[in-house]
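The values are calculated or read from the model by the stated rules, or taken from the named source; none is laboratory data. Computed from a predicted model, the values in this text were never measured in an experiment. As a convention, Cβ positions derive from the backbone with ideal geometry for all residues, glycine included, and neighbour counts pool all protein chains shown. When the accessible area is computed, the model is the full protein with side chains, heavy atoms only, and any ligands, DNA or RNA have been set aside. Shrake-Rupley method; radii C 1.70, N 1.55, O 1.52, S 1.80 Å.
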Amino acid sequence: MVPDKVSIVEAEPYPFEFWPAHCALVIIDMQRDFLEPGGFGEMLGNDVGQLRRTIAPNRALLDAWRKAGLLVIHTREGHRPDLADLPPAKRIRGRGEKHIGDPGPMGRILVRGEAGHDIIRELYPKPGEPVIDKPGKGAFFATDLHAILQYHGIRQLVVTGVTTEVCVNTTVREANDRGYDCLVLADCVGSYFPEFQEMGLKMIKAQGGIFGWVGKSDQVIKAIGKG
Ligand code: C5J
């Protein structure tokens with residue numbers, strides 16, 4: 001049983017009141033196709049190194065989180081093999097040579113069950129940890145994430161993963177509108193584009209924390225250790 005007490009975590013724009021018993025770690029889309037050399041992300045010309053720097057801090061945080069017996073949720077962006085949940089607009093967007101559902105370097109691109117869609121080995125979910133398969137950028141859209149969080153009495157989220165300006169930001173905004181406080185960890189979220197990394201974090205903490213807080217994983221690990 002996790003003790004129902006608060007710790008204060010250094011964060012911006014002001015310290016975050018961390019209630020571990022009511023807080024879930026949500027790790028967004030740490031999937032092989034986004035992060036691994038030779039995957040879909042790299043095939044599009046992106047520098048996967050910008051995302052891979054988040055693996056080690058995420059791993060350290062996940063280890064501490066699991067050891068403390070706290071709730072962790074993993075997400076994956078992807079679609080049904082028949083693509084029934086893929087809006088045509090999303091499929092053709094970008095007008096590239098390859099679309100979602102086409103054969104890619106690690107199986108069909110962003111299709112559930114394919115190798116590239118799965119989570120990287122370093123952060124692989126343990127049996128019993130919820131994995132949310134999401135067809136959109138936000139983890140709440142067309143998923144049972146909110147129901148799972150409510151069932152566990154969760155009011156706060158520590159959010160990590162990729163990419164900062166797309167699926168992390170969209171999920172934080174969705175969470176904010178549903179009444180969750182979100183702490184985003186700068187060293188555990190990544191973007192292919194350094195300027196989007198910077199601005200994606202600034203947008204969250206601007207205006208007194210309009211969408212939430214921005215902090216660092218070592219501060220959360222320290223707070224968990226004190227629990
Ligand atoms: C995520 C994307 N996970 N950038 N997807 O951010 O398309």
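Quick look at the numbers
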item: Among residues of the range 112-158, those that are part of a helix (DSSP H, G or I), under 17 Å from I55 (Cα atoms) and free of Cβ contacts under 8 Å to residues at least 12 places away in the same chain, counted; result: 1
item: Considering residues of the range 125-158 that are within 12 Å of the ligand (Cβ to nearest atom) and among the small types (G, A, S) only, the residue nearest to L25 (Cα to Cα); result: A139
item: Any pair with Cβ under 6 angstrom, 6 or more apart, that starts in the range 198-227 at a residue that is without any contact (Cβ under 8 Å) to a residue 40 or more places away in the chain and ends at one that is open to solvent by less than 40 Å² (accessible area, probe 1.4 Å) and small (G, A, S); result: L201/A186; I204/G212
item: The range 159-195, subset open to solvent by 10 Å² or more (accessible area, probe 1.4 Å), closer than 15 Å to T54 by Cα and part of a helix (DSSP H, G or I), residue nearest to the ligand (Cβ to nearest atom); result: E165
item: Residue check for E122: more than 16 Å from the ligand (Cβ to nearest atom), closer than 24 Å to L201 by Cβ, surrounded by fewer than 15 Cβ atoms within 10 Å (Cβ to Cβ) and of a type outside the set (A, V, I, L, M); result: yes
item: Candidates R32, R66 - the one that is within 13 Å of the ligand (Cβ to nearest atom) and at pLDDT 95 or above; result: R32
item: So G45, is it on the phi > 0 side of the Ramachandran plot, within 16 Å of the ligand (Cβ to nearest atom) and over 20 Å from the mean Cα position of the chain (by Cα); result: yes
item: Selection count where residues are within 30 Å of I154 (Cα to Cα) and open to solvent by 50 Å² or more (accessible area, probe 1.4 Å), scope the range 77-112; result: 2
